[in-house]
1. Just want the answer: with Cβ charges of +1 for Lys and Arg and -1 for Asp and Glu, which residue in 126, 105, 116 is farthest toward the dipole's positive end in region 72-138?
2. Cα axis of helix 160-171 to longest principal axis of the chain: angle in degrees, 0 to 90, nearest 10?
3. Using a Gaussian network model on the chain with a 10 Å cutoff between Cα atoms, which of 40, 72, 273 fluctuates the most?
4. Apply the Karplus parameterisation 6.51 cos²θ - 1.76 cosθ + 1.60, with θ equal to phi minus 60°, to every residue of region 236-242 and state each ³J(HN,Hα) to the nearest whole Hz, in sequence, with x for glycine and proline.
5. Tell me, what HN-Hα J-couplings in whole Hz come from the Karplus equation 6.51 cos²θ - 1.76 cosθ + 1.60 at θ = phi - 60° for each residue of region 93-106, using x for Gly and Pro?
6. Any chance you could run the full-extension gain for residue 102 through residue 166? It's 0.36 nm times the residue separation minus the Cα-Cα distance, nm to one decimal.
7. Find, to one decimal place in angstroms, the Kirkwood hydrodynamic radius of region 1-132, where the mean of 1/r is taken over every pair of different Cα atoms and then inverted.
8. Connecting C-alpha atoms closer than 10 Å in a GNM of the chain, tell me which of 125, 84, 305 has the biggest fluctuation.
Amino acid sequence: MPGIKAPEAATRRYEGLLLLILFLSFGFVFFDRQALSFLAPFIGKDFELTNTQLGTLSGVLALTWALSGLFAGRLSDRLGSRKPILIGAVLLFSAFSAISGLMSGFLGLLAARALMGIAEGAVLPVAQSLMVEASAEHRRGLNMGLVQGSSAGLLGGILSPLVVVWTAEHFGWRVAFYVTIVPGLLLAAWIWKSVREVPPGGPVRTVEEPVAEPKPTLRQVLRERNIVLCVLIACCYLTWFVVIITFTPTYLTEVKGFSPGTMSAVMTCFGVAWVLWGFLTPAVSDRIGRRSTLIVFTAIAAVCPLAVVVVPNPVVLGLVVVLSYTGLGCFTLFMATIPAETVPRGALATTLGLVMGVGELAGGFLGPLIAGRASDAWGLQAAMYIAAGGAVVVVLLSLGLRETAPAVLRRREVTV
């Protein structure tokens, strides 16, 4: 590579390779996680699921995901080892997703989803802690957005509804679960071969800290205002996301009367928006700041669940979804980038696991349970209003964040 020293070229190549591996790994996490929502109309015919039960299936995965994320992040920081945890998690979530197709009733499916959440919860804090250390400063937000946002949108939001709905229509919903094990096996082998614990040239420092400083405790981490706010934001944003993705397929088929094919097409628009905003939002935040980006894009995201209720035409609804489903790009900011720019490296995986874990516990677990109960009592539109309310609260919480984007902070220093 002309003009670039060999060590720097090796660092850049590894950054790109790691980005691709983690992009696909977390993308298939969401491929498997989203499959249940898209298959709900088919499963409901066999199991006669109520909205409360559908919310419970989504919620129990979020519960075990939360607990696993808290434990895995802390464990990887203590051991100083992340690669074995990532390999084991990828293998297990693929296996448990496939096992979901063997279940003969609600309780069996509930158990399979719970086990799947245990495996999946370990992926994000480990993957993002690997990615932040390998990323050049000016690409940090973009890289972490691609790993967490665009990957989940492409594989979980676009590919998943197309593949699993088509498979369910032609071969049955059980087969749609069975095929999910293959990508996991291939990815685990690739991680084992190519991922390093420490990137070439050493980790990129995200905050100033003495090399020999001991690892901060969880109590010290929670003294940071940004971390407390990110935890609260995660609770509300997970409510917005999980409620929308859990109940929208059923809302479109049962309330609006869309065919499974039309529902799949509209849900694919959610995936298109997920991919688009998943990298654009963090990239914008690299330039204008994390706080401002979070406020503006979340305000737009509050419109999305309301559009599901009020827009009758599927084509128009798909267009509105693409323009308003901006929230998934914000997930990288409060779940990974802002925490990574706030705490020392020794507490990074612990902090990422904390934000994700508590958010999944409150928003991912309790959110769909409450929304399911409300929907059984007052209709499925209640779930969409709950999702919109979660986004509004996030806007208010974001006003208290301290800016962490390096480029913005440097500009402020120059103008002072």
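A short reminder: the numbers here are calculations on the coordinates, not readings from a lab. Keep in mind the model is a prediction, meaning the values are calculated, not measured. For neighbour counting, all protein chains shown are included, and Cβ atoms are generated from backbone atoms with ideal geometry for every residue, glycine included.
1. The residue sitting farthest along the positive end of the dipole is 105.
2. 40
3. The residue that fluctuates most here is 40.
4. Rounded to whole hertz, the list is 6, 6, 5, 4, 3, 6, 5.
5. Each residue of region 93-106 in turn: 5, 5, 5, 5, 5, 5, 5, 4, x, 8, 6, 10, x, 4 Hz.
6. Values: separation 64, 0.36 × 64 = 23.04 nm, distance 1.91 nm.
Answer, rounded to one decimal: 21.1 nm.
7. Values: mean 1/r = 0.0616 Å⁻¹.
Value: 16.2 Å, from the Cα pair sum.
8. Its mean-square fluctuation being the largest, the pick is 84.
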